[in-house]
Amino acid sequence: MAEPSPACPALGIGMDSCVIPLRHGGLSLVQTTDFFYPLVEDPYMMGRIACANVLSDLYAMGITECDNMLMLLSVSQSMTEEEREKVTPLLVKGFRDAAEEGGTTVTGGQTVVNPWIIVGGVATVVCQPNEFIMPDSAVVGDVLVLTKPLGTQVAVNAHQWLDNPEKWNKIKMVVSKEEVELAYQEAMFNMATLNRTAAGLMHTFNAHAATDITGFGILGHSQTLARQQRNEVSFVIHNLPIIAKMAAISKASGRYGLLQGTSAETSGGLLICLPREQAARFCSEIKSSKYGEGHQAWIVGIVEKGNRTARIIDKPRVIEVLPRGTTATAVPPDHPNASSEPSS
């Protein structure tokens, strides 16, 4: 097969979605798949989170429409028949409702019995090149914008530790049970929120590249995105928006590496390279009430000349993101995790 023309770019293994030029009509197939184990107690919300997580890979390409979804579901053989009959329909309903919110439908998939519960899916769209943004055009002077706070893994695990005295004792000096419950609810809400609005605004504000933050943490995904760039650039992250108290839990427990950017996220936000003059407008616009409740964005870093790497500065500025109905606050300048704003 001939090499794709610039009008029909291709993208293979390593990024969020594959982009395959089709044989006819200048169209491209964009497709992605993902699955994981349950991490929240509510089966319906777990279904929504799983669907949002799959769709997020399309949204990272600036694609806002999905033509078709398949659902992948394994139910545990250790569950009783009664448990399966209660849990399975809720997982499916959550997945389908999130797909409907994304403007698509679930037309099939596969359900099996397995040692573990696993939930995920496949998202597919056929589109024209102007409908997606290849993740390779960052330029020196761009800024990095993140559209969901970090800390979902810590929040979910801390919630499980409420019933584990040995683990709870490691963190109870830095967080209350009420704060853990609020963080868990915040994380669940964020994970179930689609990145569709951010994907649409990527076009409005001339995004140069993006990825979604999931299992490899913000540092891992930043490094993958940096390696994809055509220009000789590097990403430097100065700010870490984190669900309130999760940084303290990570530090007290000695786990996760949240401040080092290695803590896994599930259905996290988009990390977007935007022209500097557009970034503040993007952050303001995404919070507009016309897009519904809960969308947020922060400028977290800069794009500078470099060798296609990404790093977090030694003492990043931690932005404590409080639960719904309150505003985000920054750690005071004299705090050991505080730092200056990104420089020009």
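Tell me the residue from 186, 166, 131, 179 that is open to solvent by 50 Å² or more (accessible area, probe 1.4 Å) and under 20 Å from residue 259 (Cβ atoms), please.
179
Here's a check for you: in region 46-89, which residue that is under 19 Å from residue 160 (Cβ atoms) and of a type in the set (Ser, Thr, Tyr) is least open to solvent (accessible area, probe 1.4 Å)?
76
Going through region 158-191 one residue at a time, which ones are small (Gly, Ala, Ser), within 30 Å of residue 120 (Cα to Cα) and out of contact with any Gly (no Cβ under 8 Å at 6 or more places or on another chain)?
158
For region 114-128, which residues satisfy the criterion of being of a type outside the set (A, V, I, L, M) and crowded, with 17+ Cβ neighbours inside 10 Å?
Residues satisfying the conditions are 120, 121, 124, 127.
For the subset of region 228-256 comprising residues that are under 16 Å from residue 321 (Cα atoms) and assigned to a loop (DSSP other than H, G, I, E, B), which member is most open to solvent (accessible area, probe 1.4 Å)?
The extreme case among them is 245.
Out of all the residues in region 96-113, which are in a strand (DSSP E or B) and surrounded by 13 or more Cβ atoms within 10 Å (Cβ to Cβ)?
Correct list: 106, 109, 111.
Is at least one residue of region 267-277 open to solvent by 10 Å² or more (accessible area, probe 1.4 Å), under 28 Å from residue 50 (Cβ atoms) and touching a residue at least 40 places away in the same chain (Cβ under 8 Å)?
For region 267-277, residues open to solvent by 10 Å² or more (accessible area, probe 1.4 Å), under 28 Å from residue 50 (Cβ atoms) and touching a residue at least 40 places away in the same chain (Cβ under 8 Å): absent.
Could you tell me which of the residues 138, 207, 199 is among the small types (Gly, Ala, Ser), outside any loop (DSSP other than H, G, I, E, B) and buried (at least 19 other Cβ atoms within 10 Å of the Cβ)?
After applying the criteria, what remains is 199.
Can you name the residue in region 265-313 that is at pLDDT 95 or above and among the acidic types (Asp, Glu) and is also farthest from residue 39 (Cα to Cα) among such residues?
277
Given 191, 173, which one is more than 15 Å from residue 135 (Cα to Cα), surrounded by fewer than 18 Cβ atoms within 10 Å (Cβ to Cβ) and aliphatic (A, V, I, L, M)?
From the options 191, 173, the qualifying one is 173.
Given the condition under 15 Å from residue 210 (Cβ atoms) and in contact with a strand residue (DSSP E or B) (Cβ under 7 Å, 6 or more places away or on another chain), answer yes or no: does some residue in region 305-322 qualify?
Checked region 305-322: at least one residue is under 15 Å from residue 210 (Cβ atoms) and in contact with a strand residue (DSSP E or B) (Cβ under 7 Å, 6 or more places away or on another chain).
Just one of the numbered conditions (1) open to solvent by less than 50 Å² (accessible area, probe 1.4 Å); (2) touching a strand residue (DSSP E or B) at 6+ places or on another chain (Cβ under 6 Å) is not true of residue 43; which one?
(2)
Among the residues in region 214-226, are any among the β-branched types (Val, Ile, Thr) and out of contact with any helix residue (DSSP H, G or I) (no Cβ under 8 Å at 6 or more places or on another chain)?
The answer is yes, given that some residue of region 214-226 is among the β-branched types (Val, Ile, Thr) and out of contact with any helix residue (DSSP H, G or I) (no Cβ under 8 Å at 6 or more places or on another chain).
The values are calculated or read from the model by the stated rules, or taken from the named source; none is laboratory data. Here the structure is a predicted model, which is why all the values come from computation and not from measurement. Glycine gets a Cβ as well: all are built from the backbone with ideal geometry, and neighbour counts include every protein chain shown. The area values use the complete protein model at the heavy-atom level, side chains included, leaving out ligands, DNA and RNA. Shrake-Rupley method; radii C 1.70, N 1.55, O 1.52, S 1.80 Å.
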